[in-house]
Amino acid sequence: MTAPADPRAGDKGSNMDIRLDNRVRGRLRLRHLELLDVLDNTGSIHKAAARLSMTQPAASKLLRDAEDIYGTQLFTRSSSGLRPTPGGDAAIRWARSILRSVGDSLTEVQLIREGAHGRVRVGVFPAAVSVLLGTALDRLHERWPDVVVLATEGSNEVLLPALARQELDVVLGRLTAATQDPAFRSELLYDEPVCVVVRSGHPWARRRRLDLSELAASQWILPTEFAPMRPQFEQMFVKAGVPVPRPRVETASLLLSQAVIQKSAMLAVVPGRVAAHYRDQGLFAILPFALPLTIPPVGVITHAHRPVSPAVGHFLDVVHEIAGLEARAREAAARQRPVRQAAAGSPPAGRRGTRSGR
């Protein structure tokens, strides 16, 4: 996991050439950046001029000014219209980033003017919505009730590109190879096991032991075939020489899984914290079977090169606090467990398939 300098600190050591700095400060305007964005979308000076409500000669002059400021040709003409050069691609990418930041600044200032204490745009993967984000929002709003939170649910494949485009401030997601990208700063929050669950009241809910053959003969709700957990699940049966169960339902949706589990006798594999959350609500029972499956740990991911606002800093503080408190609680439980088990004459919890987080 990458861990560059604290994103809350701005870049105080810029080595930008003073002549370039003056040239940009004195000549580059948002209008130049808007033109680069629209030219890339339309491929036509005529269409770009119309979209920006300016004449075609004025748009052509604005493009020449931009190329003079950047010191290179940004577009080439072809039979299909204007196409960006490699330098133009870079300029367009940064132009869009700047325009997005300007829009964000206007939105945030407007919220503050209306009484908010800032805005946090959070991306969160489904398994963390109820077990992490809900608690974090409760604690955040206890201390800073006027912070506005915009939450987006999705997978890493959706959330990380949005974070890279600076459309999100922070992502609560799985720490995978994608989060190792230098564009991101990632921090481990917790590990978790995978559990087999059924509805509360299921005939197996009070069982003390289950065999793999019984699981193989059951009806299952499973992750889709593209989910990393799925091959591990199937290999568990293959290695034991037991037929691999065919799923009745395949889904990545925890909400759908919850609904089906509660209305049927099906089994499902879910992350340990989700299982515990629904068990504590009286909806699920966790079956006594140790699954040799692993899933990536949960972490918090931010943009590596963008300082965060005070509101985002408050949110990060709360998330770290929750993760720290839970880690200490797990450590305390692990220290007490052997004493209780020795007194009861029961086997170590690890043999029942539980695993403490990091």
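Working only within segment 276-295, note down all residues that are in contact with a helix residue (DSSP H, G or I) (Cβ under 9 Å, 6 or more places away or on another chain) and in a loop (DSSP other than H, G, I, E, B). Talk me through it step by step, then tell me what you get.
Within segment 276-295, the subset in contact with a helix residue (DSSP H, G or I) (Cβ under 9 Å, 6 or more places away or on another chain) is 276-278, 283-295.
Leu283, Leu287, Pro288, Phe289, Ala290, Leu291, Pro292, Leu293, Thr294, Ile295, listed by residue number.
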Scanning segment 32-76 for residues that are open to solvent by less than 40 Å² (accessible area, probe 1.4 Å) and part of a loop (DSSP other than H, G, I, E, B), which turns out modelled with the highest pLDDT? Leu74
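Confirm whether Ile322 is of a type in the set (A, V, I, L, M, F, W, C), modelled with pLDDT under 90 and assigned to a helix (DSSP H, G or I).
Values: of a type in the set (A, V, I, L, M, F, W, C): yes; modelled with pLDDT under 90: yes; assigned to a helix (DSSP H, G or I): yes.
So Ile322 fits the description; yes.
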Residue under question is Val269, and the condition is that it be surrounded by 15 or more Cβ atoms within 10 Å (Cβ to Cβ), within 15 Å of Pro223 (Cβ to Cβ), modelled with pLDDT under 95 and in contact with a strand residue (DSSP E or B) (Cβ under 7 Å, 6 or more places away or on another chain); does it hold? yes
Mind checking which residues of segment 205-231 are surrounded by fewer than 17 Cβ atoms within 10 Å (Cβ to Cβ), under 18 Å from Leu287 (Cβ atoms) and not small (Gly, Ala, Ser)? Arg206, Arg207, Arg208, Arg209, Leu210, Asp211, Leu212, Glu214, Gln219
Some residue of segment 285-293 being buried (at least 18 other Cβ atoms within 10 Å of the Cβ), of a type in the set (Gly, Ala, Ser) and farther than 22 Å from Ala227 by Cβ: yes
Flagged in segment 115-143 as under 27 Å from Ile295 (Cα atoms) and within 14 Å of the chain's Cα centre (by Cα), in numbering order, are Arg121, Val122, Gly123, Val124, Phe125, Pro126, Ala127, Ala128, Val129, Leu132, Leu133
Being of a type in the set (A, V, I, L, M) and surrounded by fewer than 16 Cβ atoms within 10 Å (Cβ to Cβ) is the filter here; which residues of segment 99-144 pass it? Leu99, Val102, Leu106, Val109, Ile112
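Out of all the residues in segment 212-241, which are aromatic (Phe, Trp, Tyr) and in a helix (DSSP H, G or I)?
Initial filter on segment 212-241 (aromatic (Phe, Trp, Tyr)): 220, 226, 233, 237.
Scanning segment 212-241 gives Phe233, Phe237.
For Leu189, state whether it is crowded, with 17+ Cβ neighbours inside 10 Å and not in a helix (DSSP H, G or I). Step through it out loud before you land on a result.
Values: crowded, with 17+ Cβ neighbours inside 10 Å: yes; not in a helix (DSSP H, G or I): yes.
Spelling it out, Leu189 is indeed crowded, with 17+ Cβ neighbours inside 10 Å and not in a helix (DSSP H, G or I).
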Go through segment 242-275 residue by residue and tally those that are in contact (Cβ under 8 Å) with a residue 40 or more places away in the chain, outside any loop (DSSP other than H, G, I, E, B) and closer than 19 Å to Leu132 by Cβ. 8
Pairs only if they're at least six apart or on different chains, beta carbon under 8 angstrom, first in segment 33-59 and within 17 Å of Arg100 (Cα to Cα), second modelled with pLDDT under 90 and open to solvent by less than 10 Å² (accessible area, probe 1.4 Å); list them, first residue then second. Leu33/Ala95; Glu34/Ala95; Leu36/Ala95; Asp37/Ala95
Would you mind stating whether Arg248 is surrounded by 13 or more Cβ atoms within 10 Å (Cβ to Cβ), more than 19 Å from Phe125 (Cβ to Cβ) and not aliphatic (A, V, I, L, M)? yes
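The values are calculated or read from the model by the stated rules, or taken from the named source; none is laboratory data. Predicted model, so just to flag it, every value in this text is computed and none were measured. All Cβ positions, even for glycine, are placed from backbone atoms using ideal geometry, and neighbour counts span all protein chains on display. Heads up: the accessible areas ignore ligands, DNA and RNA and are worked out on the full protein's heavy atoms, side chains in. Shrake-Rupley method; radii C 1.70, N 1.55, O 1.52, S 1.80 Å.
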